[in-house]
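Only one structure is covered here, and it is reproduced in the block below.
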Ligand code: UD1
Ligand code: UDP
């Protein structure tokens, strides 16, 4: 079985690592990196730390408007698919790389398998919402992290090929959490004390591209930083947006470069509180039992909110501050999102389902 896996953006490297590890002994994997993310700290660091094999293809597509970026990927992926003739194309998540991969494959009648299928925010203004829905409707095999995702697909009439596998990000976290504890010195580097700092990430266009929202978030962070240190590894999109505001952080608020996976796991595990608009980090906070304030109005990971470990605060300055002071979830969070063996289930399904159409 020949499987061509497509990745391109930070969370996809993390998701692909456990799948590739399980896949390689069972099938021939060809790895394609679209080049959507390209800075060392957004791409190569994850290949190094997670021992992901060197991509067979790096398309070097880089940044650009959605149409151009996705279009260039589509053209180049098609060329690779024609050359490689895989039995399956495997795509991850909801980025432009995901959609380009799925679209290139279906046009050539190559079956598509989608890891992290069925997620919905029900916010059509998010670029990811289109990428997810279009990819799911093109896919032949749909690997869902949660029952909510299975239900979302059923409401859209997608039932064939749908499997509840659990979340491969749980696999990655379980595999690397102890290693992070052992190897990461990020707390010492950033002068942070165990359990006594707040960790922040934000990169959604809704927050970075709207100066009113971005200023409200930064103002709230400055107030939180009066009580305890706040560390904010900023995505390049966010760094550019902050530079446009001509903003200088006040005391206690450290805005730093993005960190690698082991460092971010160590930062999350030992934080008192996490503020984020990242999908992956809402789950990781939950798995570590760290309270999370989500800087959005909705989430795909509704289970974290229902379980009482995540609050949607948007970019509302007062709501952020109120929740930062008062939110203290009690008890241990129940195990959600799988048992750390999602990748094995995915590989089993992929290798035992003979695709049609090739
Ligand atoms: C993309 C995904 C988003 C995902 C995120 C993960 C889409 C539509 N969005 O958003 O779903 O949550 O990745 O991080 O696919 N940049 C650099 N260096 C890099 C990469 C990006 O400087 O290595 C800057 C560029 O200015 C670029 C901007 O970041 O224009 C945005 O990058 P892009 O890949 O278009 O979208 P993300 O915001 O990263
Ligand atoms: N992450 C990281 N370094 C950082 C910020 C995030 O390794 O500086 C990890 C994070 O722990 C999670 C993944 O990147 O595993 C999430 O990616 P991101 O927030 O970029 O995208 P999203 O999950 O929102 O699609």
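Read the figures in this text as sums done on the coordinates, not as results from a lab. Because the structure is a prediction, the values reported are computed rather than measured. Every residue, glycine among them, receives a Cβ derived from its backbone with ideal geometry; neighbour counts consider all protein chains shown.
Key figures for this structure:
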quantity: Test result for residue 92, farther than 24 Å from residue 204 by Cα and either within 15 Å of ligand 2 (Cβ to nearest atom) or crowded, with 16+ Cβ neighbours inside 10 Å (or both); calculated: no
quantity: Residue within the range 8-18 that is over 20 Å from residue 128 (Cα atoms) and outside any loop (DSSP other than H, G, I, E, B) present; calculated: yes
quantity: Members of the range 22-38 that are crowded, with 16+ Cβ neighbours inside 10 Å and in a strand (DSSP E or B); calculated: 29, 30, 31, 32, 33
quantity: Residue ID - nearest to ligand 2 (Cβ to nearest atom), chosen from residues in the range 184-204 that are assigned to a helix (DSSP H, G or I) and surrounded by fewer than 15 Cβ atoms within 10 Å (Cβ to Cβ); calculated: 189
quantity: Hits in the range 136-167 - residues which are in contact (Cβ under 8 Å) with a residue 24 or more places away in the chain, in a strand (DSSP E or B) and more than 15 Å from residue 302 (Cβ to Cβ); calculated: 141, 142, 143, 162, 163
quantity: Qualifying positions in the range 56-71 - in a loop (DSSP other than H, G, I, E, B) and surrounded by fewer than 20 Cβ atoms within 10 Å (Cβ to Cβ); calculated: 56, 60, 62, 63, 64, 65
quantity: Identity of the residue in the range 109-135, touching a strand residue (DSSP E or B) at 6+ places or on another chain (Cβ under 6 Å) and free of Cβ contacts under 8 Å to residues at least 40 places away in the same chain, that ends up nearest to residue 338 (Cα to Cα); calculated: 114
quantity: Options 243, 257: the member that is within 14 Å of ligand 1 (Cβ to nearest atom), over 30 Å from residue 338 (Cβ atoms) and touching a helix residue (DSSP H, G or I) at 6+ places or on another chain (Cβ under 7 Å); calculated: 257
quantity: Number of positions in the range 204-216 that are under 11 Å from residue 242 (Cα atoms) and within 10 Å of ligand 1 (Cβ to nearest atom); calculated: 2
quantity: Members of the range 99-123 that are more than 11 Å from residue 4 (Cα to Cα), within 22 Å of the chain's Cα centre (by Cα) and not in a helix (DSSP H, G or I); calculated: 114, 115, 116, 117, 118, 119, 120, 121, 122, 123
quantity: Within the range 46-59, tally of residues that are in contact with a strand residue (DSSP E or B) (Cβ under 6 Å, 6 or more places away or on another chain) and within 16 Å of ligand 2 (Cβ to nearest atom); calculated: 0
quantity: Pairs, first touching a residue at least 12 places away in the same chain (Cβ under 8 Å) and under 18 Å from residue 222 (Cα atoms) in the range 245-265, second within 13 Å of ligand 2 (Cβ to nearest atom) and assigned to a loop (DSSP other than H, G, I, E, B), C-beta under 6 Å, six or more apart; calculated: 255/234
quantity: Matching entry among 16, 22 (being within 16 Å of ligand 2 (Cβ to nearest atom) and either farther than 26 Å from residue 204 by Cα or out of contact with any helix residue (DSSP H, G or I) (no Cβ under 7 Å at 6 or more places or on another chain) (or both)); calculated: 16
quantity: When residues of the range 252-267 are limited to those that are touching a strand residue (DSSP E or B) at 6+ places or on another chain (Cβ under 6 Å) and not in a loop (DSSP other than H, G, I, E, B), the one surrounded by the most Cβ atoms within 10 Å (Cβ to Cβ); calculated: 267
quantity: Identity of the residue in the range 210-251, within 16 Å of ligand 2 (Cβ to nearest atom) and outside any helix (DSSP H, G or I), that ends up surrounded by the most Cβ atoms within 10 Å (Cβ to Cβ); calculated: 230
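Per-residue answers, yes or no, for (1) more than 16 Å from ligand 2 (Cβ to nearest atom); (2) farther than 30 Å from residue 306 by Cβ; (3) touching a helix residue (DSSP H, G or I) at 6+ places or on another chain (Cβ under 6 Å):
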residue	(1), (2), (3)
61	yes, yes, yes
72	yes, yes, no
79	yes, yes, no
140	yes, yes, no
145	no, no, no
